[in-house]
Amino acid sequence: MQYRVAIIGSGFRSEIFIKLIKKLNEFLLLTGVLCRSVEKKTTLENKYSINVFLSKKELLASKPDFIINAVSKDNIYSETIYFLNKKIPVLQETGGNFTKIQLEHLASRVLLGQKLLIAEQYHLYPLVQAMKKIIDLNLLGEIQYVKCGYSHDYHSFNIIKYLLNEKYPQYISADKHNFMITKTDSREGLCFSGELISTTVTNFILDFGNKVGYHCFDSTSYRSTILMRHIEVVGTRGSINDEHLKYLDSANETIDTNLKTTNEGIFLGETLLSYNPLLSQLDLEEATLRTLLLDMIELIKGHDFQERTINHLNDAYLAFLAEKLTHQTKKKITKYFGN
């Protein structure tokens with residue numbers, strides 16, 4: 001059976017979904033994409049040979065079973081509400097400039113049974129799955145903290161909470177700083193001009209009482225050949241920093257090793273930690289987003305994803321609180337001892 005899906009938005013993320021859905025035509029049919037301009041409509045039609053709509057009336061006439069909401073951050077909320085009001089399930093991109101009231105409104109709709117999923121996929125990445133398996137094997141002892149410099153705030157909070165097995169931090173603190181860095185990459189391709197651009201580094205701390213999550217992320221990390229993204233988990237008996245693992249064995253001798261990644265998955269010695277057979281057919285982003293598309297079908301069939309969606313809305317709420325904290329007035333230090 002094919003489920004009918006339409007996309008609203010015509011940017012970079014939309015094109016990822018277009019290409020993925022075309023690969024999944026055994027169970028998904030793309031009815032079309034909604035965009036705002038005739039120029040973009042022509043470009044997408046020529047590039048992908050798909051239907052492109054300029055009005056919601058046209059999109060609704062295509063009778064989608066669900067919507068992928070991939071519009072700009074400022075418009076995500078209003079578009080989700082529009083289609084939920086039409087009784088059409090929505091897979092909503094994570095990012096958005098949400099207010100507390102908007103998040104409460106979305107949460108209330110989910111709790112009333114309206115069908116909404118958040119396209120939060122980073123915890124599904126093989127490395128994060130492998131780290132979770134190592135934690136579950138108790139190789140690291142009692143987990144103390146996670147440091148995440150891997151993705152933007154709401155994605156990072158999701159990873160931190162997933163690895164710590166926590167939902168609700170008791171306290172949050174934040175700061176933000178701007179720096180200069182050489183531009184090396186972009187969505188249009190690699191850059192070799194040596195141009196300096198401004199970048200923003202955000203630092204957030206989530207305090208769960210007995211565990212802590214540290215977020216430190218450079219806004220250009222996704223598009224840079226000179227910056228590194230990383231995840232570190234520290235427990236009472238060991239730590240893992242990306243693929244590098246150090247832990248104590250039963251005799252309290254230190255084991256210093258690296259995870260091994262093959263076409264079959266991620267291994268610790270002979271132990272399989274993470275496996276996704278789709279990575280032989282799809283790239284990493286497509287393989288994880290495919291899982292979310294399958295979840296949308298399960299949502300339509302009646303599977304209950306309320307708890308997961310509420311958890312992801314709480315990630316967005318934490319991001320809202322953190323962003324407010326970064327705008328608070330700094331306190332100037334006027335005196336030091338011994339000077």
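Bear in mind these aren't lab numbers, they're just calculated from the coordinates by the rules spelled out. Computed from a predicted model, the values in this text were never measured in an experiment. Backbone-built Cβ (ideal geometry, glycine too); neighbour counts: all protein chains shown.
Compute the distribution of all C-alpha to C-alpha distances in region 1-152, in bins of 5 Å from 0, and list the percent of pairs in each, rounded to whole numbers.
Spelled out bin by bin, region 1-152 gives 2, 8, 16, 18, 16, 14, 11, 8, 5, 2, 1, 0 percent.
Rounded to the nearest 500, what is the 222 nm mean residue ellipticity of the chain from helices alone, with -39500 (n - 2.57) per DSSP H run of 4+ residues and division by all residues? Mind dumping the intermediate values first?
Details: 9 runs with 113 residues, N = 339.
Taken over the chain, the calculation gives -10500 deg cm²/dmol.
Ordered by packing density, taken as the mean number of other Cβ atoms within 10 Å over each peptide's residues, highest first, how do 86-95, 104-113 rank?
86-95, 104-113
On a 0 to 90° scale, report how tilted helix 100-111 is relative to the longest principal axis of the chain, with both axes built from alpha carbons and the result rounded to the nearest 10.
70
Considering only 162, 105, 337, whose Cα is most displaced toward the positive end of the charge dipole of the chain, charges sitting on Cβ of Lys, Arg (+1) and Asp, Glu (-1)?
105
Given the options 84, 263, 302, identify the residue whose Cα lies farthest towards the positive end of the charge dipole of the chain (+1 on Cβ of Lys, Arg; -1 on Cβ of Asp, Glu).
The Cα lying farthest towards the positive end belongs to 84.
About its Cα centre, how strong a charge dipole does the chain have in debye, to the nearest 20, once Lys and Arg get +1 and Asp and Glu get -1 at the Cβ?
Its charge dipole is roughly 1220 debye.
Just the number: Rg to Rh for the chain, Cα atoms, Kirkwood Rh, two decimals.
We get a ratio of 0.99 for the chain.
Could you give the size of the charge dipole of region 13-60 about its Cα centre, using +1 on the Cβ of each K and R and -1 on the Cβ of each D and E, expressed in debye and rounded to the nearest 20?
The calculated dipole for region 13-60 is roughly 140 debye.
Among 224-237, 241-254, how do they line up by average Cβ neighbours within 10 Å per residue, starting with the highest?
Working: 224-237: 15.6, 241-254: 12.4.
Most protected by this proxy first, the peptides run 224-237, 241-254.
How do 156, 280, 274, 62 rank when sorted from fewest to most other Cβ atoms within 10 Å of their own Cβ?
Working: 156 29, 280 9, 274 20, 62 16.
Result, fewest neighbours first: 280, 62, 274, 156.
May I ask you to order 187-197, 172-182 by the average number of other C-beta atoms within 10 Å around their residues, highest value first?
172-182, 187-197
Under 1.5 on a/c is rounded, so check that first for region 123-280, then, if it is not, pick prolate when a/b is larger than b/c and oblate when it is not; a ≥ b ≥ c are the square roots of the alpha carbon gyration tensor eigenvalues. Before the final figure, lay out the partial values.
Values: a/c = 2.11, a/b = 1.35, b/c = 1.56.
It comes out oblate by the Cα gyration axes.
At a Förster radius of 25 Å, what calculated FRET efficiency corresponds to the Cβ-Cβ distance of residue 191 and residue 48, to the nearest 0.05?
The calculated FRET efficiency here is 0.40.
7 Å from Cα along Cα→Cβ at both residue 335 and residue 262: what's the point-to-point distance in nm?
6.6
Would you work out which of 75, 274, 292 lies farthest towards the positive end of the dipole of the chain? Charges go on Cβ: Lys and Arg +1, Asp and Glu -1.
About the Cα centre, the residue reaching furthest to the positive side is 75.
Charges only on Cβ, +1 for Lys and Arg, -1 for Asp and Glu: so what's the dipole of region 123-280 about the Cα centre, in debye to the nearest 20?
The dipole magnitude comes to about 320 debye.
Taking 25 Å as the cut-off for C-alpha to C-alpha distance, list the pairs among 167/324; 147/167; 23/132; 86/167; 115/176 that go past it.
Violating the 25 Å limit, Cα to Cα: 23/132; 86/167; 115/176.
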